[in-house]
1. Considering only residues that are among the basic types (Lys, Arg), in contact (Cβ under 8 Å) with a residue 12 or more places away in the chain and more than 23 Å from residue 26 (Cβ to Cβ), which ones fall in segment 51-101?
2. Would segment 65-74 turn up any residue that is surrounded by 13 or more Cβ atoms within 10 Å (Cβ to Cβ) and not charged (D, E, K, R)?
3. Take the residues of segment 118-142 that are modelled with pLDDT of 80 or more and among the charged types (D, E, K, R): which is farthest from the chain's Cα centre (by Cα)?
4. Those residues that are under 19 Å from the mean Cα position of the chain (by Cα), in a loop (DSSP other than H, G, I, E, B) and β-branched (Val, Ile, Thr), I need them from segment 16-33; list them, please.
Amino acid sequence: MRSAARRRRGRPSLLTPERIDAIGRATTVGVASALAAEAAGVSRSTLARWMARGRDAVEAREDGEPPRAADDLYVALYWRVEQGRARMAQTALATILQAATGGHVQEERVRRYTDPTGRDVEERHLRYRMPQWRASAWWLARIYPQHYGPNAKTWDEQIEADLHPERAGAPADPRISEAAARIGANLARQDELMPPASAT
């Protein structure tokens, strides 16, 4: 009977407020999920199950289902991780955009002296950080990957795709095909009219 009672109750969860705090602190500074799990002393698969249960419970509550007290810790973990990741992303993106635009003070030097007339003078010399094109490129590649990502087409490739969309699996525009045919015919006629090159 005791073994049956234990099976009904189930094994107590390893998720505790202390583990939620450890995982939350790790994700807030951008630690990967596997390392965040290690910081809390659990496996990556365990953390994934906890996050999935928390996400499902949050969605159920948003759909109007009554909350279950048994899910409270998983919901707390889910929100702690999601909010920590969001704050980390905001901080990182702000740093990237600041590097891309430049202009903030990188170094400041102050010189104080007395000029020949006896007047006290203070001079400030500021050095500003120059814009970093790599930060701009990183941002563009992730916000507009179709234009600036690693798989973006070059100018010539895009023109070729517009002229021959059927090669990319898209339905061909008959107007483009007709225009391409006329251009090809004109080029052929020009080749015929060109005088042959004289032999030397």
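The values are calculated or read from the model by the stated rules, or taken from the named source; none is laboratory data. Nothing here was measured: the structure is a model prediction, and the numbers come from that model. Cβ placement follows ideal geometry from the backbone for every residue including glycine, while neighbour counts extend to all protein chains displayed.
1. Taking segment 51-101 and keeping what is among the basic types (Lys, Arg), we get 53, 55, 61, 68, 80, 85, 87.
Still in the running and in contact (Cβ under 8 Å) with a residue 12 or more places away in the chain: 53, 55, 61, 80, 85, 87.
If the condition is that a residue be among the basic types (Lys, Arg), in contact (Cβ under 8 Å) with a residue 12 or more places away in the chain and more than 23 Å from residue 26 (Cβ to Cβ), then 61 is the only one that fits.
2. Looking through segment 65-74, at least one residue is surrounded by 13 or more Cβ atoms within 10 Å (Cβ to Cβ) and not charged (D, E, K, R).
3. Checking each candidate, the answer is 119.
4. 29, 31
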